[in-house]
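Taking it in order: structure first as C-alpha cells, then the write-up.
Every read-out reported here was derived from the displayed coordinates using simple, explicitly stated rules and does not represent laboratory data. Keep in mind that this is a model prediction, so the values were computed, not measured. Cβ: placed from backbone, ideal geometry, glycine included. Neighbour counts: every protein chain shown.
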Amino acid sequence: MPQSLSKIYLHVIFHVKTTSPKIDESHWPRVHEYIGQLINTTGCKSLCVGGVTDHIHALCVLSRQVTVSHLVEEMKRNSSLWMKTLDKRYETFQWQGGYAVFSVGQSLVDKSREYILHQREHHTKMTFREEYVRFLELYHIEYDKEYVLSD
C-alpha cells in the first residue's frame, strides 16, 4: 500500500482584536506554551510559539490529516476561551477574525524559529503592522491596505 509522506512547515500569525485587552508580558510564556499544546492536540507538531502583547507567531509542522483553517481555528478558539480564565482582565479577550499563514522551507526553519523566539527585540525596531505588511509583500500576497489588521 502506498504511503503519503509530507513535511510542511507553517508560520502562523494572528493578532489580538483591537477592542480586546492586550496580553500582559507576565503571561507571555504561559500563553505561548498553551498555544503550542493546542497545535499538538490537532495532530500537528509545534516547533515554537512566540509573540508580544498584541500578536502571536507559531512555527509548526502541518499534519497530513489537518487543514490549515482547522489548525488556526483550534488555536484561536481554544486559546481565546482559555485566556478568559487566565485572569479577570481577559474576560473580554478575543483574537481578530483573520490570520496569515506562510510556508517555510526546510532551510529556513531555524531562522524562522529564531525570529519567532526574539519577538520582543524585533519589535523595538518595527511595529506589528510593518512586520505583517512586510510578510505579505515578501510572499507576494495581494491585500487591501485599508483592511490589514482590521477586526
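Taking every DSSP helix (H) stretch of at least 4 residues in the chain, weighting each as -39,500 (n - 2.57) and dividing the sum by the residue count yields a mean residue ellipticity at 222 nm of -11500 deg cm²/dmol.
Per-residue Karplus couplings for segment 6-15, computed as 6.51 cos²θ - 1.76 cosθ + 1.60 with θ equal to phi - 60°, are listed in order as 7, 8, 10, 8, 10, 10, 9, 10, 8, 10 Hz, Gly and Pro entered as x.
Would you please give the FRET efficiency between Leu81 and Glu25, computed as 1/(1 + (r/R0)^6) with r the Cβ-Cβ distance and R0 = 25 Å, to the nearest 0.05?
0.70
If you bin all the Cα-Cα distances of the chain at 10 Å, starting from zero, the percentages per bin are 10, 41, 37, 9, 2, 0.
Remark: spin-label model distance Asp144-Ser4 equals 3.5 nm, labels positioned 7 Å along the Cα→Cβ axis. The HN-Hα couplings worked out from phi for segment 57-64 by the Karplus form 6.51 cos²θ - 1.76 cosθ + 1.60 (θ = phi - 60°) are 10, 9, 10, 8, 9, 6, 5, 5 Hz, whole numbers, x standing for Gly and Pro.
For segment 21-96, the relative contact order comes to 28 percent (Cα pairs under 8 Å, sequence separation of at least 6).
Here's how it looks for Ser63: its modeled amide H is under 5 Å from those of Cys44, Lys45, which are all 5 or more places away or on a different chain.
Can you give me the relative contact order of the chain as a percent, contacts being Cα pairs under 8 Å and 6 or more apart?
31 percent
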